[in-house]
Amino acid sequence: MPSHAEPGKGSLAIVGLGPGRREYMTPRALKAVAHADYVLGHSTYLEPLEPLLKGKTVISSSMGKEVDRAEQAIDLAKNHAVAIVSGGDAGVYGMASIVLEVLEHRGVVIPVEVIPGVTAATAAASRVGSPLSGDFAVISLSDLLTPLDVIETRLDAVFALGIPVVLYNPKSRGRPHNFALAVEHARKHLGQTTPIAIVKNALREDEETVITTLGEIEEHEPAVDMHTTVIIGGTESRIWRMGNDVKGIITPRGYHRKYLY
Ligand code: SAH
């Protein structure tokens, strides 16, 4: 990965920064940021990188400006080492696709690398046991870029499979009702005792987790916001207890079908 590249010798790293704290960023992601002359991203993702940003040109922007940010990153990357950062994994509801699409449309030929990060699904899962041990599905409830009827068709299809379903973007001010819609679809296919985990700010300072069930989810709905990932268990998922404490959710991988333990 060239640093301080010569004119015409730029490079572009599309970097997944993981859920938040530095210790959950990969060494590769940190190296890409360290080598960059320009770092672009949303301000919340840039904050934990502060000590690494000295001497670099930092371009922070707000949500909803992703296309402008992608275009700017590509223009700069023609002659400079550029890192464009995204929370979690850059390829999961992140910046990677828009950057690659713009690159493709413009026919720009430069070295480009997508660097993976810990995505919210696995970050959240790790805080509540092992709810995603086998097949699972991921759906975003944001209808900013996907029409709501498409989201509903997908919700219906994945809940019908009885596998755990991870909901990204479960709620925001602009779309407060999409979470209730998802719950309605879940109830068509799953029992009221189906375990649910609500994980807010996974692996960040102000993390909060709630373990509940599909039958009682309405009581906990206020805990769901745009910083939250919700995991709705599948037909085999169960609440995990240690002593009398509810610790999380286990979805057995299937070892019990083959082994005695
Ligand atoms: N690229 C990101 C996802 C961006 S979409 C990734 O791979 O994780 C934004 C949504 O991700 C949020 O609305 C929330 O549902 C989820 N999210 C991101 N970081 C999170 C965290 N630390 N804790 C809980 N949910 C998170």
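When a/c is below 1.5 the answer is rounded, else prolate if a/b is larger than b/c, else oblate, so apply that to the stretch 147-209 with a ≥ b ≥ c taken from the square roots of the Cα gyration tensor eigenvalues.
Oblate, because a/c is 1.5 or more while a/b does not exceed b/c.
Quick check: convex hull over the Cα atoms of the stretch 48-135, volume per residue in Å³, rounded to an integer? Numbers along the way, then the final one.
Values: hull volume 11.8 nm³, N = 88.
In the stretch 48-135, the Cα hull volume divided by residue count equals 134 Å³.
How large is the Kirkwood hydrodynamic radius of the stretch 3-156, counting all unique pairs of alpha carbons, in Å?
About 16.4 Å, per the Kirkwood formula over Cα pairs.
For the stretch 187-255, what is the per residue volume of the convex hull drawn over the alpha-carbon atoms, in cubic angstrom?
Value for the stretch 187-255: 115 Å³ per residue.
Give me, ordered by chain and number, the residues 5 or more places off W240 or on other chains with an amide H under 5 Å from its own placed amide H.
Sorted by chain and number, the residues that satisfy this are K247, G248, I249, I250.
Provide the per-residue ³J(HN,Hα) series for the stretch 14-23, in order, calculated from phi with Karplus coefficients 6.51, -1.76, 1.60 and θ = phi - 60°, each as a whole number of Hz, with x at glycine and proline positions.
9, 10, x, 9, x, x, x, 5, 3, 5
Could you run the Karplus curve 6.51 cos²θ - 1.76 cosθ + 1.60 with θ = phi - 60° over the stretch 90-100 and give me ³J(HN,Hα) per residue in whole Hz, x for Gly and Pro?
Working through the residues one at a time gives 5, x, 10, 6, x, 7, 4, 5, 5, 5, 5 Hz.
Compute the signed sum of charges (Lys and Arg +1, Asp and Glu -1) over the other residues within less than 14 Å, Cβ to Cβ, of L144.
Taking every other residue near L144 into account, the sum is +2.
Quick one: compute a quarter of the convex hull surface over the Cα atoms of the stretch 91-152 and quote it in nm². It would help to have the intermediate numbers written out before the result.
On the way: hull surface 24.6 nm².
That works out to 6.2 nm², a quarter of the Cα hull's surface.
Per residue of the stretch 199-207, what does 6.51 cos²θ - 1.76 cosθ + 1.60 with θ = phi - 60° give for ³J(HN,Hα)? Whole Hz please, x for Gly and Pro, Karplus curve as stated.
10, 9, 6, 3, 6, 10, 4, 9, 5
Given the chain, what count of lysine pairs have C-alpha atoms under 15 Å apart, with each pair 8 or more places apart or on different chains? Each step should come with its number before you reach the end.
Details: K9/K78; K31/K54; K31/K56; K171/K200.
Going through the chain pair by pair, I get 4.
Enumerate the whole-percent occupancy of each 10 Å bin, from 0 to the last occupied one, for all C-alpha pair distances of the stretch 121-256.
13, 47, 34, 6, 0
For the Cα atoms of the chain, what angle does the longest principal axis make with the long axis of helix 148-160, in degrees from 0 to 90, nearest 10?
Approximately 50 degrees, to the nearest 10.
Provide the gained length on full extension for the span S43 to H220, in nm with one decimal, where the gain is 0.36 nm per separating residue minus the Cα-Cα distance.
Values: separation 177, 0.36 × 177 = 63.72 nm, distance 2.96 nm.
60.8 nm is the gain from fully extending S43 to H220.
For the chain, report the convex hull volume of the alpha-carbon atoms normalised per residue, in Å³, without decimals.
Enclosed volume per residue, from the Cα hull, is 149 Å³.
How much net charge surrounds I249 when only the other residues with a Cβ under 11 Å from the Cβ of I249 are counted, with Lys and Arg +1 and Asp and Glu -1?
Once all neighbours under 11 Å are counted, the net charge is +3.
Highest first, please rank the peptides 141-147, 83-89 by the mean number of other Cβ atoms sitting within 10 Å of their residues.
Order by mean packing, descending: 83-89, 141-147.
The numbers here are math on the coordinates, done by the rules we state, and not lab data. As the structure is a prediction and not an experimental result, all values here were calculated from the model. Using ideal geometry, Cβ is built from the backbone for each residue, glycine included, and neighbour counts are taken over all protein chains shown.
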